[in-house]
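Working notes, structure below.
The values are calculated or read from the model by the stated rules, or taken from the named source; none is laboratory data. On a predicted model such as this, the values are computed, not experimentally measured, just so you know. When we count neighbours, we look across all protein chains shown, and the Cβ atoms used for this are built from the backbone with ideal geometry, even at glycine.
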Amino acid sequence: MKAIKFLAGSVLIGASILSSCTKPTAPQAEVKDYTHVSQEKLDFLGITDVNHLSAASKRALDWPDSLTNEWFGEFSVQDLKGDLAYEEGVVRRDPSALLHVDGKYYVYYSKSVGKTDGFGGDIENDKVFPWDRCDIWYATSEDGWTWKEEGPAVLRGDKGKFDDRSVFTPEIMEHEGKYYLCYQTIKSPYDVRTKNQVGLAWSESPNGPFKKLEEPILSPANNGVWKGTTQDRFLVEKKGDFDSHKVHDPCIIPFKGKFYLYYKGEQMGEAITFGGRQIRHGVAIADNPLGPYVKSPYNPISNSGHEICVWKHKDGIMSLITTDGPEKGTVQFAADGINFNIMASIPGAPHAMGLNRELNNNEGFGIFGWGLTHKYVNYDYQHIRRFAGKRKTSHKAKNEQTAKQPKATR
Ligand code: AAL
């Protein structure tokens, strides 16, 4: 995207100024001519003197004209009733997107019990994270407010299997009358250097039974090298690919006749950058919902983000980027499902959103009408809640009267 190219340009300019004392031959950044920009555009952007453009004004001039304010809105979060109301001593988190089958909503989620011990003690028997020692459960509701917990959908595997320690953070896909659950898996023991994988189970019905594939459908890249044997995930000889440590938050979308498995990668020796944790997303593509899934050579396809929240938008894929990285708080669009560009800033989006995809009207904020999210009561316990998203088309003071609403798009 142009704006980002310009940001890169600004960084280059800064770098060349910094280094100009010692390296007078540093390459010059491209100088752009903005003198032909229309007066209307300058007025809109509030730029008076085109001969004295600040770096911010130059970036604004580089924003594509196609950007609209259809992503301007606000979120609120509410408690659920019934079995998904907060229950002491129980963790319910990372809700999937919603299914709506025969008048009932379905949600799949991670469930575990008891507090988190962390990594200080006996990792063979302790619970190291709230999402450790989870199974995947599901609940149904007629109105989306009062939920009945139906039971487990996918249980941890037998001892020795790749999923014997925890199965969690599920996402559901319905395709041609079949239901596919993909989810994270951990094999015991769970220490800070443990690599996790992604498993898949499918069923003829949203109520199961879900049949697990014998092998994971996605694994971390194996080209990183730990330094020493101390349990320290930041100590590496070589970091490896962006997903050399963990593949998280899987979500499969049928797209262009194939199956796009979006996921979050964590890298061995994870760094902190100018946007917080260094978290990036990737995609792996298959011809068949059961795989094999092949990682895109273009990975990583984001430079920021956390939990995957993707949906079909018009002819492409939209991705909500939250929590980590310089581009957090944005929605990004890729016509090809791979090359994502920022469409808007979208602050305040709830985390780990389970979308209600049937609300998707291809009109920006519509997809966020309502859905599910989770809340941290504290580090040990999380519960599932409902969010609502409301589009805004103007900004007014209390009791302010306006003759006409400002234009919804720029
Ligand atoms: C979440 C997700 C994944 C992680 C953990 C549980 O935010 O990114 O699901 O493993 O935290």
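I'm checking my understanding of the structure. Among residues of the stretch 237-254 that are within 13 Å of the ligand (Cβ to nearest atom) and not β-branched (Val, Ile, Thr), which one is farthest from the chain's Cα centre (by Cα)? Can you show your working first?
Within the stretch 237-254, the subset within 13 Å of the ligand (Cβ to nearest atom) is 243, 245-251.
Add one more test, that the residue is not β-branched (Val, Ile, Thr), and what stays is 243, 245-246, 248-251.
Numbers: ASP243: 15, HIS245: 17, LYS246: 14, HIS248: 10, ASP249: 7, PRO250: 9, CYS251: 9 Å.
Only one residue tops the list, namely HIS245.
Applying the selection to the stretch 136-162, what residues are crowded, with 16+ Cβ neighbours inside 10 Å and either within 14 Å of the ligand (Cβ to nearest atom) or without any contact (Cβ under 8 Å) to a residue 12 or more places away in the chain (or both)?
Within the stretch 136-162, ILE136 is the sole residue that qualifies.
Test THR323 against the criterion of being without any contact (Cβ under 8 Å) to a residue 60 or more places away in the chain, within 16 Å of the ligand (Cβ to nearest atom) and surrounded by fewer than 19 Cβ atoms within 10 Å (Cβ to Cβ), and give yes or no.
yes
Could you list, in sequence order, all residues of the stretch 164-194 that are among the charged types (D, E, K, R), within 23 Å of the chain's Cα centre (by Cα) and away from the ligand (no atom under 12 Å from the Cβ)?
Those that are among the charged types (D, E, K, R), within 23 Å of the chain's Cα centre (by Cα) and away from the ligand (no atom under 12 Å from the Cβ): GLU174, ARG193.
Which condition number in (1) loosely packed, with under 13 Cβ neighbours inside 10 Å; (2) over 27 Å from the mean Cα position of the chain (by Cα); (3) in a loop (DSSP other than H, G, I, E, B); (4) not hydroxyl-bearing (Ser, Thr, Tyr) is the one that ALA56 fails?
Just one mismatch for ALA56, condition (3).
If I ask for residues that are within 16 Å of the ligand (Cβ to nearest atom) and at negative phi, which ones from the stretch 93-112 would you list?
ARG93, PRO95, SER96, ALA97, VAL107, TYR108, TYR109, SER110, LYS111, SER112
Within the stretch 353-400, can you find the residues that are modelled with pLDDT under 95 and of a type in the set (S, T, N, Q)?
ASN360, ASN361, ASN362, THR393, SER394, ASN399
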